[in-house]
Amino acid sequence: MTHVLLRHRDIPNINTIDVYKKNGGFEAFKNAVIKMKPEEVTNVVKNSGLRGRGGAGFPTGMKWQFMDNKNWPHYVVANADESEPGTFKDREIMEQNPFQFLEGVALASYAVGANAAYVYLRGEFWQVAKFLDEKIAEMEEAGFLGDKLFGTDYSLRIYTHLGAGAYICGEETALLESIEGKRGQPRVRPPFPPSFGLYGKPTVVNNVETLTNVPLILSKGADWYKSIGTADSAGVKIFSLSGRVKKPGNYELPFGKTFRDLIYGEGGGIIDDRPIKAIMPAGASSSLIVADDKALDTILDYASVRTLGADLGSASVIVIDDTVSIEWVISKTIHFFKHESCGKCTPCREGNHWMLSVVNRIEHHHNPEDVELLLNVAKQMQGKCLCALGEFATMAVVTGIERFPQDFKA
Ligand SMILES: Cc1cc2nc3c(=O)[nH]c(=O)nc-3n(C[C@H](O)[C@H](O)[C@H](O)COP(=O)(O)O)c2cc1C
């Protein structure tokens, strides 16, 4: 199968506008603006079964339909914060196949009637932002962005915006606050961004990978996209594979392959052929899965991974073998979330602080009661935080202690 998203692996120089155009680039956008009503574009995306690739897997077309048409202007924001540890797919898309992503932003903007779209990138991606600025300028020059596009009344500008290196700014409402120039902290919801988003106006926030699917869905049709993948999860997904595997990297696969296919097929198996112990399917935010045969034969789609007591999230699969202690893994995740908690809500701010103190105590004082205490603190945080960061912080802790007790006894 040829790639749908990582098309630069099949088509050299697709990151130049001429090669992109020669391979059908911008035809979907031009066709949509000239021949389709905005709601028709949304319907195609809805019928394709595309779900958000930023983590939550929310149906994309449905999100676009939620935009409040009584309140204008509308905005589109591409979430290029890519800050989940273990996730490195959006960067490859933006650097290697930038026009397909930007065409996806343009199609989403046309579908929801937005005349301005923002690409919000993590601060460390400043070179990527500079590169995208050049690509946006080329699109303007070629007449794919600007005023009265293709002789119609539709106008669109795309702007990049850099964050300052805070994980929380990947959370969509903290991201919107950050674009507005405020401290990046999550908003209380509801209202959700499609009714109250950027500058209080209806806003669609979508992940880079989500949007990069859209041009081919429009040009090849919803049925084509739906025919790839599983009934639960249509299409393709980029899996960022890392940890103790021989061949880490990004792998674009149709939904429906197994963990075994990904780790032993694409990834070449475990370093030194050691036994696999655990899988984190969604970066540092993951629940820890015991990597037994049942797990390895589980299908990679949103519903199937849930049967293992975990979420697929952004599909940043971190592989852990028998050389790694789960206690060490959770001390790393706790350290990360303690550092990244924005401090706005008490359960996340205080909970992460205490989890870090207790995990440090476990490492230095070896008191078994501290393991119970850590589990207790994590469970008290669950369901009480303002946004999912606090929830994410507890996932590896609770599942690590409950599913790998031998590592804590040791
Ligand atoms: C703490 C936190 C960090 C997040 N980081 C990202 C991120 O880096 N990139 C991303 O696309 N979504 C991230 N999300 C999810 C976004 O809030 C949002 O759901 C997503 O951008 C929606 O796009 P989608 O529907 O295309 O998936 C994060 C969520 C939370 C709670």
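The values are calculated or read from the model by the stated rules, or taken from the named source; none is laboratory data. The structure presented is a predicted model; accordingly, all values stated were derived computationally and were not measured. Cβ sites come from the backbone with ideal geometry, for glycine too, and all protein chains shown count toward neighbours.
At a glance:
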{"read-out": "Qualifying position, being of a type outside the set (Phe, Trp, Tyr), in a loop (DSSP other than H, G, I, E, B) and closer than 23 Å to THR160 by Cα, among GLY24, GLY54", "value": "GLY54"}
{"read-out": "Options GLY400, GLY351: the member that is more than 25 Å from ALA174 (Cβ to Cβ), surrounded by 21 or more Cβ atoms within 10 Å (Cβ to Cβ), out of contact with any Pro (no Cβ under 7 Å at 6 or more places or on another chain) and not assigned by TED's automatic domain parsing to the domain that holds ALA291", "value": "GLY400"}
{"read-out": "Pick from the range 231-266, criterion in contact (Cβ under 8 Å) with a residue 40 or more places away in the chain and hydroxyl-bearing (Ser, Thr, Tyr), ranking: nearest to VAL208 (Cα to Cα)", "value": "SER240"}
{"read-out": "Only one of ASN31, ASN43, ASN15, ASN47 that is in a loop (DSSP other than H, G, I, E, B) and away from the ligand (no atom under 16 Å from the Cβ)", "value": "ASN15"}
{"read-out": "Those helices (runs of 4 or more DSSP H) lying entirely in the range 357-410 with at least 3 residues at pLDDT 95 or above and within 16 Å of the ligand (Cβ to nearest atom)", "value": "388-403"}
{"read-out": "Residue check for ALA108: in contact (Cβ under 8 Å) with a residue 40 or more places away in the chain, away from the ligand (no atom under 15 Å from the Cβ) and not assigned by TED's automatic domain parsing to the domain that holds PHE336", "value": "no"}
{"read-out": "Residues that are surrounded by fewer than 19 Cβ atoms within 10 Å (Cβ to Cβ) and assigned to a loop (DSSP other than H, G, I, E, B), drawn from the range 183-200", "value": "ARG183, VAL188, ARG189, PRO190, PRO191, PHE192, SER195"}
{"read-out": "Cβ pairs under 6 Å, 6+ apart, first in the range 211-226 and within 16 Å of the ligand (Cβ to nearest atom), second in a helix (DSSP H, G or I) and charged (D, E, K, R)", "value": "PRO215/GLU103"}
{"read-out": "Filter result for the condition that a residue is buried (at least 24 other Cβ atoms within 10 Å of the Cβ) and outside any helix (DSSP H, G or I), over MET67, MET94", "value": "MET67"}
{"read-out": "Odd one out for VAL76, checked against (1) free of Cβ contacts under 8 Å to residues at least 60 places away in the same chain; (2) within 19 Å of the chain's Cα centre (by Cα); (3) more than 30 Å from PRO248 (Cα to Cα); (4) not in a helix (DSSP H, G or I)", "value": "(1)"}
